[in-house]
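First the structure, then my questions, so here it is.
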Amino acid sequence: MPFIHCNMFGTPPAGGEPPWLPYEPLVPWCIEGHEDLWVELDHVPPAVHAFRNQLIQVARNITPDRDGRGHLVVVSGLPGTGKSSLLHRCVHEFVRGLEEPESGDDGRPDVERQGDTPRPWRLREQSDAISVVPVTGVRNNGRDLESSPSGHQEAPELSTVINRIFRTVVAELRRTPGFTDVCGPEIDSPDHYHSWHALTDALAQLGRRLAVIIPHIKWEDQDSRWAFLRFCHQKADRGVVFFVETEYTALEKEIGLIFDESELRGVTLLKTGGLAREDWGKYLRLWMDLPGIPNPKVAIHDDLLDCEPAPWVFVSISKLQTFLREAADDALQADEAYLRRSRVLLRFDKNQPNPDNFLRGGAPNPDAFLREEPSDPDDPAKEQGETAGIEPNELPDDEEDRRDEP
(Lines give C-alpha, C1' and ligand atoms only; values in the text may rest on other atoms or scores of the structure.)
Protein backbone atom coordinates (compact mmCIF):
# COMPACT_ATOMS: atom_id res chain seq x y z
CA MET A 1 0.00 0.00 0.00
CA PRO A 2 2.54 2.69 0.93
CA PHE A 3 4.36 2.49 -2.38
CA ILE A 4 1.49 2.54 -4.87
CA HIS A 5 1.36 6.34 -4.88
CA CYS A 6 3.94 8.85 -5.94
CA ASN A 7 6.66 10.00 -3.58
CA MET A 8 7.39 13.35 -5.19
CA PHE A 9 11.03 13.46 -4.05
CA GLY A 10 12.22 11.34 -6.93
CA THR A 11 12.57 11.53 -10.70
CA PRO A 12 9.54 10.80 -12.92
CA PRO A 13 10.10 8.20 -15.63
CA ALA A 14 8.67 8.63 -19.12
CA GLY A 15 4.92 8.84 -18.63
CA GLY A 16 5.27 10.07 -15.06
CA GLU A 17 3.57 7.06 -13.51
CA PRO A 18 4.53 6.25 -9.92
CA PRO A 19 6.67 5.15 -8.31
CA TRP A 20 9.09 7.93 -9.15
CA LEU A 21 12.64 6.71 -9.27
CA PRO A 22 15.23 7.52 -6.59
CA TYR A 23 18.80 8.46 -7.51
CA GLU A 24 17.96 9.10 -11.16
CA PRO A 25 19.28 12.16 -13.01
CA LEU A 26 16.97 14.60 -14.75
CA VAL A 27 17.17 14.13 -18.53
CA PRO A 28 15.29 17.10 -20.04
CA TRP A 29 16.67 16.48 -23.54
CA CYS A 30 14.93 13.08 -23.41
CA ILE A 31 11.81 13.50 -21.26
CA GLU A 32 9.44 16.45 -21.64
CA GLY A 33 8.92 18.27 -18.36
CA HIS A 34 12.16 17.29 -16.66
CA GLU A 35 13.35 20.85 -17.19
CA ASP A 36 10.49 21.98 -14.91
CA LEU A 37 11.99 19.94 -12.05
CA TRP A 38 15.29 21.81 -12.27
CA VAL A 39 16.07 23.70 -9.06
CA GLU A 40 18.45 26.64 -9.33
CA LEU A 41 20.62 25.49 -6.44
CA ASP A 42 23.48 27.58 -5.14
CA HIS A 43 26.25 26.13 -7.33
CA VAL A 44 24.16 25.46 -10.42
CA PRO A 45 23.40 28.85 -12.06
CA PRO A 46 27.09 29.78 -12.43
CA ALA A 47 27.79 26.41 -14.03
CA VAL A 48 24.88 26.63 -16.48
CA HIS A 49 25.71 30.25 -17.31
CA ALA A 50 29.37 29.34 -17.88
CA PHE A 51 28.28 26.57 -20.23
CA ARG A 52 25.98 28.87 -22.16
CA ASN A 53 28.55 31.64 -22.43
CA GLN A 54 31.42 29.40 -23.50
CA LEU A 55 29.41 27.35 -25.96
CA ILE A 56 27.77 30.39 -27.54
CA GLN A 57 31.22 31.66 -28.45
CA VAL A 58 32.06 28.51 -30.38
CA ALA A 59 28.59 27.20 -31.30
CA ARG A 60 28.62 28.74 -34.79
CA ASN A 61 31.66 26.56 -35.58
CA ILE A 62 30.14 23.34 -34.20
CA THR A 63 28.91 22.14 -37.55
CA PRO A 64 28.99 18.70 -39.19
CA ASP A 65 30.81 19.86 -42.33
CA ARG A 66 34.48 19.20 -43.08
CA ASP A 67 35.56 22.57 -41.66
CA GLY A 68 33.35 22.30 -38.59
CA ARG A 69 34.59 21.92 -35.06
CA GLY A 70 33.41 20.07 -31.98
CA HIS A 71 33.60 20.56 -28.22
CA LEU A 72 34.32 18.68 -24.99
CA VAL A 73 32.21 19.39 -21.91
CA VAL A 74 33.37 17.89 -18.60
CA VAL A 75 31.35 18.05 -15.37
CA SER A 76 33.25 17.19 -12.18
CA GLY A 77 32.05 16.84 -8.61
CA LEU A 78 31.69 14.51 -5.66
CA PRO A 79 29.13 11.67 -5.73
CA GLY A 80 25.54 12.81 -5.22
CA THR A 81 26.15 16.49 -6.00
CA GLY A 82 24.06 16.52 -9.18
CA LYS A 83 26.75 15.95 -11.83
CA SER A 84 24.54 13.77 -14.01
CA SER A 85 21.59 16.14 -13.91
CA LEU A 86 23.85 19.11 -14.68
CA LEU A 87 25.43 17.20 -17.57
CA HIS A 88 22.04 16.32 -19.03
CA ARG A 89 20.87 19.89 -18.50
CA CYS A 90 23.82 21.04 -20.62
CA VAL A 91 22.84 18.55 -23.34
CA HIS A 92 19.31 19.95 -23.22
CA GLU A 93 20.59 23.52 -23.47
CA PHE A 94 22.74 22.57 -26.46
CA VAL A 95 19.92 20.74 -28.27
CA ARG A 96 17.46 23.55 -27.57
CA GLY A 97 19.97 26.11 -28.83
CA LEU A 98 20.33 24.24 -32.11
CA GLU A 99 16.57 24.02 -32.55
CA GLU A 100 15.76 27.65 -31.76
CA PRO A 101 14.91 29.52 -34.96
CA GLU A 102 16.24 33.02 -35.45
CA SER A 103 12.78 34.43 -34.86
CA GLY A 104 13.26 33.80 -31.14
CA ASP A 105 10.68 31.03 -30.88
CA ASP A 106 11.71 28.38 -28.38
CA GLY A 107 11.72 25.66 -31.01
CA ARG A 108 9.34 23.38 -29.14
CA PRO A 109 6.37 21.70 -30.80
CA ASP A 110 3.16 23.69 -30.58
CA VAL A 111 1.30 22.08 -27.70
CA GLU A 112 -1.59 24.53 -27.65
CA ARG A 113 -3.34 23.27 -30.73
CA GLN A 114 -7.08 22.80 -30.36
CA GLY A 115 -7.89 19.70 -28.35
CA ASP A 116 -4.21 19.12 -27.50
CA THR A 117 -3.20 19.22 -23.84
CA PRO A 118 0.47 19.22 -22.87
CA ARG A 119 1.51 15.94 -21.24
CA PRO A 120 4.36 16.26 -18.78
CA TRP A 121 7.11 13.66 -18.76
CA ARG A 122 6.50 12.26 -22.20
CA LEU A 123 9.42 11.12 -24.36
CA ARG A 124 10.64 13.85 -26.65
CA GLU A 125 10.76 13.25 -30.36
CA GLN A 126 14.22 12.95 -31.87
CA SER A 127 15.70 16.28 -32.87
CA ASP A 128 16.18 17.01 -36.56
CA ALA A 129 19.39 18.88 -35.78
CA ILE A 130 21.32 16.48 -33.55
CA SER A 131 21.60 12.86 -32.46
CA VAL A 132 22.12 12.31 -28.71
CA VAL A 133 23.78 9.03 -27.73
CA PRO A 134 24.22 8.08 -24.05
CA VAL A 135 26.94 5.46 -23.69
CA THR A 136 25.79 2.69 -21.36
CA GLY A 137 27.51 0.02 -19.36
CA VAL A 138 30.63 1.97 -18.45
CA ARG A 139 30.22 2.59 -14.70
CA ASN A 140 27.57 4.51 -12.66
CA ASN A 141 24.61 2.86 -11.01
CA GLY A 142 21.89 4.52 -13.05
CA ARG A 143 19.39 2.84 -15.35
CA ASP A 144 19.19 2.72 -19.14
CA LEU A 145 20.57 6.16 -19.82
CA GLU A 146 23.84 5.84 -18.15
CA SER A 147 25.19 2.67 -16.93
CA SER A 148 25.81 -0.81 -15.88
CA PRO A 149 23.48 -2.34 -13.28
CA SER A 150 26.31 -4.42 -11.84
CA GLY A 151 29.16 -1.90 -12.10
CA HIS A 152 32.79 -2.83 -12.49
CA GLN A 153 34.94 -3.90 -9.57
CA GLU A 154 38.09 -3.27 -11.54
CA ALA A 155 39.06 -0.23 -13.56
CA PRO A 156 38.32 -0.82 -17.26
CA GLU A 157 40.98 -0.84 -19.94
CA LEU A 158 41.08 2.29 -22.10
CA SER A 159 40.72 0.25 -25.28
CA THR A 160 37.65 -1.52 -23.85
CA VAL A 161 35.90 1.77 -23.13
CA ILE A 162 36.84 3.21 -26.53
CA ASN A 163 35.45 0.13 -28.30
CA ARG A 164 32.24 0.38 -26.29
CA ILE A 165 31.82 4.03 -27.25
CA PHE A 166 32.29 3.26 -30.95
CA ARG A 167 29.89 0.30 -30.89
CA THR A 168 27.22 2.23 -28.98
CA VAL A 169 27.39 5.34 -31.17
CA VAL A 170 27.35 3.39 -34.45
CA ALA A 171 24.48 1.15 -33.30
CA GLU A 172 22.40 4.16 -32.27
CA LEU A 173 23.10 6.14 -35.44
CA ARG A 174 22.08 3.17 -37.60
CA ARG A 175 18.56 3.78 -36.27
CA THR A 176 18.64 7.36 -37.53
CA PRO A 177 16.60 7.71 -40.76
CA GLY A 178 18.88 7.88 -43.79
CA PHE A 179 22.11 7.16 -41.92
CA THR A 180 22.75 3.70 -43.36
CA ASP A 181 22.08 5.06 -46.87
CA VAL A 182 24.93 7.55 -46.68
CA CYS A 183 27.57 5.86 -44.48
CA GLY A 184 30.41 4.05 -46.23
CA PRO A 185 31.76 0.56 -45.48
CA GLU A 186 34.68 2.11 -43.56
CA ILE A 187 32.32 2.66 -40.63
CA ASP A 188 32.83 -1.02 -39.74
CA SER A 189 36.60 -0.74 -39.92
CA PRO A 190 38.51 -1.97 -36.84
CA ASP A 191 40.65 1.14 -37.25
CA HIS A 192 38.90 3.75 -35.13
CA TYR A 193 40.22 6.65 -37.15
CA HIS A 194 38.66 5.41 -40.40
CA SER A 195 35.47 4.28 -38.64
CA TRP A 196 34.95 7.66 -36.96
CA HIS A 197 35.78 9.54 -40.14
CA ALA A 198 33.12 7.56 -42.02
CA LEU A 199 30.66 8.26 -39.21
CA THR A 200 31.21 12.03 -39.27
CA ASP A 201 31.12 12.02 -43.09
CA ALA A 202 27.67 10.43 -42.92
CA LEU A 203 26.49 12.96 -40.33
CA ALA A 204 27.77 15.78 -42.55
CA GLN A 205 25.69 14.51 -45.47
CA LEU A 206 22.63 14.42 -43.21
CA GLY A 207 23.45 17.83 -41.71
CA ARG A 208 23.26 16.39 -38.18
CA ARG A 209 25.42 17.02 -35.16
CA LEU A 210 26.23 14.40 -32.53
CA ALA A 211 26.27 14.58 -28.72
CA VAL A 212 27.88 11.65 -26.86
CA ILE A 213 27.14 11.34 -23.12
CA ILE A 214 29.66 9.41 -21.03
CA PRO A 215 29.10 8.72 -17.31
CA HIS A 216 31.81 8.61 -14.68
CA ILE A 217 34.53 6.04 -15.23
CA LYS A 218 36.81 5.36 -12.28
CA TRP A 219 40.17 5.07 -13.97
CA GLU A 220 42.91 3.23 -12.14
CA ASP A 221 45.59 5.84 -12.80
CA GLN A 222 46.20 9.36 -13.98
CA ASP A 223 47.62 8.31 -17.35
CA SER A 224 44.41 6.49 -18.33
CA ARG A 225 42.23 9.39 -17.24
CA TRP A 226 44.27 11.92 -19.20
CA ALA A 227 44.46 9.69 -22.27
CA PHE A 228 40.70 9.17 -22.19
CA LEU A 229 39.98 12.89 -22.01
CA ARG A 230 42.33 13.45 -24.93
CA PHE A 231 40.54 10.73 -26.88
CA CYS A 232 37.20 12.49 -26.25
CA HIS A 233 38.72 15.84 -27.26
CA GLN A 234 40.13 14.39 -30.48
CA LYS A 235 36.84 12.79 -31.47
CA ALA A 236 34.93 15.97 -30.61
CA ASP A 237 35.30 17.30 -34.13
CA ARG A 238 33.12 18.23 -37.11
CA GLY A 239 29.92 18.86 -35.15
CA VAL A 240 30.54 16.30 -32.39
CA VAL A 241 30.27 17.28 -28.71
CA PHE A 242 31.36 14.90 -25.93
CA PHE A 243 29.69 15.36 -22.54
CA VAL A 244 31.79 13.60 -19.88
CA GLU A 245 31.13 13.18 -16.17
CA THR A 246 33.83 12.58 -13.56
CA GLU A 247 34.11 12.36 -9.79
CA TYR A 248 37.73 13.47 -9.96
CA THR A 249 37.53 16.92 -8.40
CA ALA A 250 41.16 17.97 -8.92
CA LEU A 251 40.71 18.08 -12.70
CA GLU A 252 40.73 21.87 -12.71
CA LYS A 253 44.38 21.77 -11.58
CA GLU A 254 45.31 19.34 -14.35
CA ILE A 255 43.36 20.62 -17.33
CA GLY A 256 46.19 22.89 -18.48
CA LEU A 257 48.55 19.91 -18.45
CA ILE A 258 46.24 17.65 -20.43
CA PHE A 259 45.53 20.21 -23.17
CA ASP A 260 47.58 23.02 -24.63
CA GLU A 261 46.28 26.57 -24.87
CA SER A 262 44.79 26.20 -28.34
CA GLU A 263 43.04 22.94 -27.40
CA LEU A 264 41.52 24.47 -24.27
CA ARG A 265 39.32 26.65 -26.48
CA GLY A 266 37.42 23.47 -27.29
CA VAL A 267 36.98 22.41 -23.63
CA THR A 268 34.42 23.52 -21.04
CA LEU A 269 34.93 22.36 -17.44
CA LEU A 270 32.02 22.72 -14.98
CA LYS A 271 31.87 21.80 -11.28
CA THR A 272 29.20 20.84 -8.78
CA GLY A 273 29.41 21.22 -5.01
CA GLY A 274 27.51 21.09 -1.74
CA LEU A 275 24.32 22.96 -1.04
CA ALA A 276 23.72 26.33 0.62
CA ARG A 277 21.16 26.80 3.37
CA GLU A 278 18.81 28.75 1.11
CA ASP A 279 18.66 25.72 -1.19
CA TRP A 280 16.33 24.04 1.33
CA GLY A 281 13.60 26.59 0.63
CA LYS A 282 14.28 26.69 -3.12
CA TYR A 283 13.93 22.93 -3.39
CA LEU A 284 10.73 22.69 -1.34
CA ARG A 285 9.04 25.65 -3.04
CA LEU A 286 9.52 24.06 -6.45
CA TRP A 287 7.83 20.84 -5.32
CA MET A 288 5.02 22.71 -3.54
CA ASP A 289 4.16 24.63 -6.72
CA LEU A 290 4.64 21.79 -9.21
CA PRO A 291 1.36 20.79 -10.93
CA GLY A 292 0.47 17.40 -12.32
CA ILE A 293 2.04 15.09 -9.73
CA PRO A 294 0.07 11.81 -9.89
CA ASN A 295 -1.42 10.88 -6.49
CA PRO A 296 1.31 12.32 -4.28
CA LYS A 297 1.71 10.35 -1.08
CA VAL A 298 2.03 13.35 1.21
CA ALA A 299 1.68 17.06 0.56
CA ILE A 300 4.27 19.55 1.86
CA HIS A 301 3.09 21.79 4.70
CA ASP A 302 4.03 25.47 4.67
CA ASP A 303 5.67 25.21 8.10
CA LEU A 304 8.43 23.09 6.56
CA LEU A 305 9.81 26.20 4.87
CA ASP A 306 10.56 27.68 8.32
CA CYS A 307 12.50 24.61 9.40
CA GLU A 308 16.19 25.03 10.25
CA PRO A 309 17.71 22.05 8.43
CA ALA A 310 20.54 20.00 9.90
CA PRO A 311 23.93 20.84 8.32
CA TRP A 312 24.63 17.25 7.25
CA VAL A 313 21.63 17.32 4.89
CA PHE A 314 23.53 19.81 2.71
CA VAL A 315 26.36 17.45 1.81
CA SER A 316 24.68 16.81 -1.55
CA ILE A 317 21.44 17.01 -3.47
CA SER A 318 21.26 13.22 -3.23
CA LYS A 319 21.40 13.40 0.58
CA LEU A 320 18.65 16.06 0.62
CA GLN A 321 16.38 14.10 -1.72
CA THR A 322 16.88 10.85 0.19
CA PHE A 323 16.14 12.54 3.52
CA LEU A 324 12.90 14.12 2.29
CA ARG A 325 11.77 11.00 0.48
CA GLU A 326 12.22 8.87 3.60
CA ALA A 327 10.57 11.52 5.78
CA ALA A 328 7.57 11.51 3.43
CA ASP A 329 7.36 7.71 3.76
CA ASP A 330 7.47 8.06 7.57
CA ALA A 331 4.58 10.54 7.42
CA LEU A 332 2.57 8.19 5.24
CA GLN A 333 3.14 5.26 7.59
CA ALA A 334 1.83 7.47 10.39
CA ASP A 335 -1.26 8.23 8.27
CA GLU A 336 -0.42 11.93 8.00
CA ALA A 337 -1.66 13.99 5.07
CA TYR A 338 1.23 16.47 5.22
CA LEU A 339 4.94 16.36 5.67
CA ARG A 340 5.34 18.85 8.50
CA ARG A 341 8.19 20.54 10.34
CA SER A 342 7.73 18.36 13.44
CA ARG A 343 8.19 15.17 11.39
CA VAL A 344 11.35 16.49 9.75
CA LEU A 345 12.86 17.62 13.07
CA LEU A 346 12.32 14.14 14.49
CA ARG A 347 14.16 12.66 11.54
CA PHE A 348 17.03 15.15 11.93
CA ASP A 349 17.60 13.87 15.48
CA LYS A 350 17.20 10.23 14.48
CA ASN A 351 19.75 10.42 11.67
CA GLN A 352 22.33 12.74 13.23
CA PRO A 353 25.82 11.46 12.25
CA ASN A 354 28.20 10.43 15.02
CA PRO A 355 30.46 13.45 15.69
CA ASP A 356 33.24 11.11 16.85
CA ASN A 357 33.75 10.25 13.18
CA PHE A 358 34.66 13.83 12.38
CA LEU A 359 37.36 15.02 14.75
CA ARG A 360 39.23 18.27 14.26
CA GLY A 361 42.12 19.17 16.58
CA GLY A 362 40.99 16.57 19.13
CA ALA A 363 37.49 18.02 19.42
CA PRO A 364 34.41 16.59 17.71
CA ASN A 365 33.10 18.70 14.85
CA PRO A 366 29.98 17.18 13.21
CA ASP A 367 30.10 19.77 10.43
CA ALA A 368 33.69 19.07 9.40
CA PHE A 369 32.78 16.36 6.92
CA LEU A 370 30.90 18.92 4.84
CA ARG A 371 34.28 20.19 3.69
CA GLU A 372 35.85 16.75 3.26
CA GLU A 373 36.35 14.96 -0.02
CA PRO A 374 36.78 11.18 -0.16
CA SER A 375 40.29 9.96 -0.74
CA ASP A 376 40.94 9.53 -4.43
CA PRO A 377 43.35 6.88 -5.67
CA ASP A 378 44.02 9.18 -8.62
CA ASP A 379 45.34 11.97 -6.40
CA PRO A 380 48.26 13.48 -8.32
CA ALA A 381 50.18 13.98 -5.08
CA LYS A 382 50.23 10.20 -4.66
CA GLU A 383 51.40 9.57 -8.20
CA GLN A 384 54.29 11.95 -8.65
CA GLY A 385 56.86 9.17 -8.55
CA GLU A 386 54.88 7.02 -10.98
CA THR A 387 54.08 9.69 -13.56
CA ALA A 388 57.34 11.60 -13.69
CA GLY A 389 58.59 11.94 -17.23
CA ILE A 390 55.30 10.79 -18.84
CA GLU A 391 53.88 13.03 -21.53
CA PRO A 392 50.32 14.02 -20.51
CA ASN A 393 49.33 14.43 -24.15
CA GLU A 394 50.14 10.85 -25.09
CA LEU A 395 47.45 8.46 -26.30
CA PRO A 396 47.81 4.72 -26.85
CA ASP A 397 49.62 3.94 -30.08
CA ASP A 398 46.44 2.92 -31.89
CA GLU A 399 44.66 6.14 -30.91
CA GLU A 400 47.06 8.84 -32.06
CA ASP A 401 45.45 11.95 -33.43
CA ARG A 402 45.33 11.70 -37.24
CA ARG A 403 43.20 14.70 -38.06
CA ASP A 404 45.65 15.90 -40.66
CA GLU A 405 45.63 12.66 -42.64
CA PRO A 406 44.13 13.01 -46.12
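List the pairs whose first member sits in region 51-73 and is closer than 21 Å to Ala202 by Cα and open to solvent by 10 Å² or more (accessible area, probe 1.4 Å), whose second member is hydroxyl-bearing (Ser, Thr, Tyr) and at pLDDT 85 or above, and whose Cβ atoms are under 6 Å apart, counting only residues at least 6 apart or on separate chains?
Filtered contacts from region 51-73: no entries.
So, Lys282, is that one of a type in the set (Lys, Arg) and more than 20 Å from Cys90 (Cα to Cα) or not?
On the way: of a type in the set (Lys, Arg): yes; more than 20 Å from Cys90 (Cα to Cα): yes.
For Lys282, the condition - of a type in the set (Lys, Arg) and more than 20 Å from Cys90 (Cα to Cα) - is met.
To continue, here is another question. Name the single residue that is most open to solvent (accessible area, probe 1.4 Å) among those in region 232-258 being over 25 Å from Gly97 (Cβ atoms) and over 19 Å from the mean Cα position of the chain (by Cα).
Residue satisfying both the conditions and the ranking: Lys253.
Residues checked against (1) within 25 Å of Glu157 (Cβ to Cβ); (2) in contact (Cβ under 8 Å) with a residue 60 or more places away in the chain; (3) assigned to a loop (DSSP other than H, G, I, E, B):
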{"residue": "Ile217", "(1), (2), (3)": "yes, yes, yes"}
{"residue": "Arg230", "(1), (2), (3)": "yes, yes, no"}
{"residue": "His233", "(1), (2), (3)": "yes, yes, no"}
{"residue": "Tyr248", "(1), (2), (3)": "yes, yes, yes"}
{"residue": "Lys253", "(1), (2), (3)": "no, yes, no"}
{"residue": "Ser262", "(1), (2), (3)": "no, no, no"}
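Name the residue, out of Glu261, Glu308, Glu336, that is open to solvent by 70 Å² or more (accessible area, probe 1.4 Å) and not assigned by TED's automatic domain parsing to the domain that holds Cys90.
Details: Glu261 fails: not assigned by TED's automatic domain parsing to the domain that holds Cys90; Glu336 fails: open to solvent by 70 Å² or more (accessible area, probe 1.4 Å).
Answer to the selection: Glu308.
Additional query: Criterion first (in a helix (DSSP H, G or I), closer than 30 Å to Ile62 by Cβ and of a type in the set (Asp, Glu)) does Glu326 satisfy it? It would help to see each step written out before you state the result.
Working: in a helix (DSSP H, G or I): yes; closer than 30 Å to Ile62 by Cβ: no; of a type in the set (Asp, Glu): yes.
Answer is no for this residue.
Kindly indicate whether Arg343 is charged (D, E, K, R) and closer than 25 Å to Glu247 by Cα.
On the way: charged (D, E, K, R): yes; closer than 25 Å to Glu247 by Cα: no.
The answer is no for Arg343.
One residue is enough: does region 172-181 have a residue meeting the conditions among the aromatic types (Phe, Trp, Tyr) and either within 17 Å of the chain's Cα centre (by Cα) or modelled with pLDDT under 90 (or both)? Show your work before the answer.
So the first thing to find is which residues in region 172-181 are among the aromatic types (Phe, Trp, Tyr), and the list is 179.
Pick out the ones that are also either within 17 Å of the chain's Cα centre (by Cα) or modelled with pLDDT under 90 (or both) and you get none.
Among the residues of region 172-181, not one is among the aromatic types (Phe, Trp, Tyr) and either within 17 Å of the chain's Cα centre (by Cα) or modelled with pLDDT under 90 (or both), which makes the answer no.
The values are calculated or read from the model by the stated rules, or taken from the named source; none is laboratory data. Here the structure is a predicted model, which means the values were calculated and not measured. Because the Cβ atoms are built from the backbone with ideal geometry, glycine has one as well, and the counts that use them run over all protein chains shown. The accessibility values were calculated without ligands, DNA or RNA, using every heavy atom of the protein model including side chains. Shrake-Rupley method; radii C 1.70, N 1.55, O 1.52, S 1.80 Å.
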